[in-house]
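Just below is one structure, and these are the notes that go with it.
Read the figures in this text as sums done on the coordinates, not as results from a lab. It should be emphasised that the depicted structure is a prediction, and the values quoted were computed from it without experimental measurement. Neighbour counts are summed over all protein chains in view; Cβ atoms, including those assigned to glycine, are modelled from backbone coordinates with ideal geometry.
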Amino acid sequence: MSLLNDLSHIFGEAFEQAGLDRTLGTVVVSQRPDLGQFQCNGALPAAKTAGRLPREIAQDIVNRVQADDRFAFLSLAGPGFINIRLTDGFLAREMQVVADDPRYGVSEVRPLRVLVDYGGPNVAKEMHAGHLRATIIGDSLKRISRYLGHDTLGDVHFGDWGTQMGMLIIEIAHRHPELPFFDPDYEGEYPMIDITLDDLETMYPLVSARCAENLEEAERARIATFELQQGRAGYRALWQQLHDTSMAAHRRDFASLGVEFDLWDGESTVHNRIGPMIQRLIRSGVVTDSEGAVVITIDQPGDKTDMPPFLVAKSDGGYLYSTTDLATVEQRVDDLSRRLLLYVVDARQSFHFEQVFRAARRSGIAPESVGLEHIKFGTMNGPDGKPFQTRKGGVLKLRDLISMVTEAADNRLSEADIAQEYPDAERAEIARKVGLAALKFGDLSNHRASNYLFDLDRFASFEGKTGPYLQYSAVRIKSILRNAEEAGLSPGPLVPPSVETERNLLLYLARLPEVLERTFELRAPNHVAEYAYDLATQFNRFYEECHILRETDPARQASWLKLVALTLGELDLLLDLLGIEVPERM
Ligand code: ARG
């Protein structure tokens, strides 16, 4: 149910009665609130096909809907726009339906089977800011998709199958000559080595620098990776330990961000499909042999940049990032029956995804009916305008980032004198939630494709367009309802609004379904963030003007409380869709 849908329906019928297409009756929120609350622009395109004057058609439509008690006024503007203002009675009736609908804002379109690929950390590496952005944006898109009623899976797509694995395995061999991992004849149980993600993290850059400098070493790592992929037992056993150690650390990080995945899959998950996939591609004649390598031609007429063939397997039989991504498309389409794949990954991987998607189409792995989209995002920058780093110039670990925002939140709570007298544990929990809200909202309030400045002072503020401001607003609204309840008052049916701030709040609440729909269509959570902020602002205006506890008309008072409850419901929902938790009190 949505107010705009209802209005479009009313106008659509009028167009139909006038012998015109009913889709012309689409009603939108007015761009010019001074002229009307809504507008219908269908008379212009109608005039073209009907060969009549647009103003004449518009007048005809107005005459047909005018008799109604639903419209306070309908006026013509320009060449044939219809400006619409609702009666307060109609607005209240419509919003009462919303108030009674637990599935308000849920999409009426056909449910899709969606998979969101986001997060994407790698073995032996701490998550960095890029993975953080993927996580925050992907999690929000997953939540929105789900709320709209789409069957949605989230996959972490762990980077666990590349050359870094071979490099690390060789390195550990050198450090532990006594261990049996490298003995090809060993048949016993493999020992557990004592290694942490921190150890791997220190080891990784050293090894990778050596491989970059020394061709022989790079070659050894390549062979080790190949043998690992082919199934050499000792390598697989060691790989498993490195995988599990890294994954456990990443899982902890995701948990501290409040993010869950349905699938903890990775590049290695699809390894066993690759051989059969290549066989199928060879049989169907899609791939060609290019000096021993298996490739798919993916260039198209009209290409502006050079599109080299897509490499499915190297001439030595080794697999790459592109190989696992192609096989993963197949797994998602065939085994998981997904029809829309959203890859929330750094914009710098655009070329890679363009190649993978083209290869998936050319090979028939993803038919046209399956949507393949790279949901690109920009970088989170430091004050120097470059991708955010620590003061020493290193990659900021997610855990340290979280401690940093929690501390900033804690300071802000003291400054604003919020939650100071609460028990320590509760206060710490509030600081954690506020810190995460600062981080997530700071990110999600920007369009994902833009680069933004990580400005913790601004993000953690309780004033302005911030996560903490919205949390605080929600908590305050909760306490308004609690206080009313203690005074023996409860929400009742909506009555027609009598003042502008109240009317505006109702109109604002009515926008939810369209906002969610549009956010998902554009895969852009910043629209939800924006709307949540505007809603809080509209609420504050209403609350300043309408003194609920002092109101003498009980019906109006109860209606106002209903409006408060509706606002809280929406705000809670919007914050939840952004992955932001609201404390019980603050
Ligand atoms: N592990 C990759 C990285 O760190 C991101 C994975 C994104 N997902 C994918 N299906 N390629 O860049």
Divide the volume of the convex hull of the Cα atoms of region 72-138 by its number of residues and quote the answer in cubic angstrom per residue. 225 Å³
Whole angstrom only: what separates the Cα centroid of region 542-586 from the Cα centroid of region 39-115? 28 Å
Quick one: net charge of GLY89's neighbours, Cβ under 13 Å, K/R +1, D/E -1? 0
Relative to the present Cα-Cα distance, how much length would full extension add between ARG252 and HIS174 at 0.36 nm per residue of separation? 25.1 nm
Please give the Cα centre distance for region 431-446 versus region 199-240, rounded to the nearest Å. 38 Å
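Classify region 185-245 as rounded, prolate or oblate, taking a ≥ b ≥ c as the square roots of the eigenvalues of its Cα gyration tensor: rounded when a/c is under 1.5, otherwise prolate if a/b is larger than b/c and oblate if not. Mind dumping the intermediate values first?
Working: a/c = 2.58, a/b = 1.24, b/c = 2.07.
Cα axes put region 185-245 in the oblate bin.
Using alpha carbon coordinates only, what is the Rg to Rh ratio of region 1-116, with Rh defined as the Kirkwood radius? Write out the running numbers ahead of the final one.
Working: Rg = 15.6 Å, Rh = 15.1 Å.
Across region 1-116, the Cα-based Rg/Rh ratio is 1.03.
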How long, wide and thick is region 232-314, going by the Cα atoms along their three principal axes, in whole angstroms, largest first? 48, 37, 20
DSSP beta bridges in the chain [antiparallel fraction, %, rounded to 5]: 50 percent
What do the square roots of 5 times the Cα gyration tensor eigenvalues come to for region 344-450, in whole Å, largest first, as semi-axes of the equivalent ellipsoid? 40, 17, 11
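How much net charge surrounds ASN411 when only the other residues with a Cβ under 13 Å from the Cβ of ASN411 are counted, with Lys and Arg +1 and Asp and Glu -1? Mind showing how you got there, number by number?
Details: positive: ARG412, ARG427; negative: GLU407, ASP410, GLU415, ASP417, ASP457.
Here the count lands on -3.
Kirkwood-based Rg over Rh for region 245-389 (C-alpha set), two decimals? Numbers along the way, then the final one.
Working: Rg = 17.3 Å, Rh = 17.1 Å.
Expressed as Rg/Rh, it is 1.01.
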Treat each spin label as a single point 7 Å out from the Cα along the C-beta direction, and report the ASP572 to GLN59 distance in nm. 5.2 nm
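Ranked from highest to lowest mean number of other Cβ atoms within 10 Å per residue, what is the order of the peptides 173-180, 77-84? Let's see the in-between values first.
Working: 173-180: 12.0, 77-84: 19.2.
Ranking, from highest mean packing down: 77-84, 173-180.
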Give the shape of region 395-532 as rounded, prolate or oblate, defined through the alpha-carbon gyration tensor: a ≥ b ≥ c are the square roots of its eigenvalues, a/c under 1.5 means rounded, and otherwise the shape is prolate if a/b is larger than b/c and oblate if not. oblate
Counting C-alpha atoms alone, how compact is region 519-586: give Rg to one decimal and Dmax as a whole number, in angstrom. 14.5, 46
I need the shape label for region 159-279. Rule: rounded when a/c is under 1.5, else prolate if a/b > b/c, else oblate, with a, b, c from the alpha carbon gyration tensor. rounded
Could you tell me the ratio Rg/Rh of the chain? Both radii from Cα atoms, Rh via Kirkwood. 1.05
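Applying a 10 Å radius around every beta-carbon, put 311-318, 23-30 in order of their mean neighbour count, most first. Please report the intermediate quantities before stating the final value.
Numbers: 311-318: 16.8, 23-30: 18.2.
The densest-packed peptide leads the list: 23-30, 311-318.
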Rounded to the nearest Å, what's the spacing between the alpha carbon centres of region 254-287 and region 312-367? Just the number, please. 8 Å
Could you check the simple spin-label distance between SER290 and THR49, using points 7 Å along Cα→Cβ, in nm with one decimal? 4.7 nm
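Ordered by packing density, taken as the mean number of other Cβ atoms within 10 Å over each peptide's residues, highest first, how do 509-516, 133-140 rank?
Details: 509-516: 21.0, 133-140: 27.2.
Ranked from most to least packed, the peptides come out as 133-140, 509-516.
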Among the listed pairs LYS386/LYS433; LYS314/LYS397; LYS433/LYS465; LYS142/LYS304; LYS386/LYS465, which are separated by more than 26 Å between their Cα atoms? LYS386/LYS433; LYS314/LYS397; LYS142/LYS304
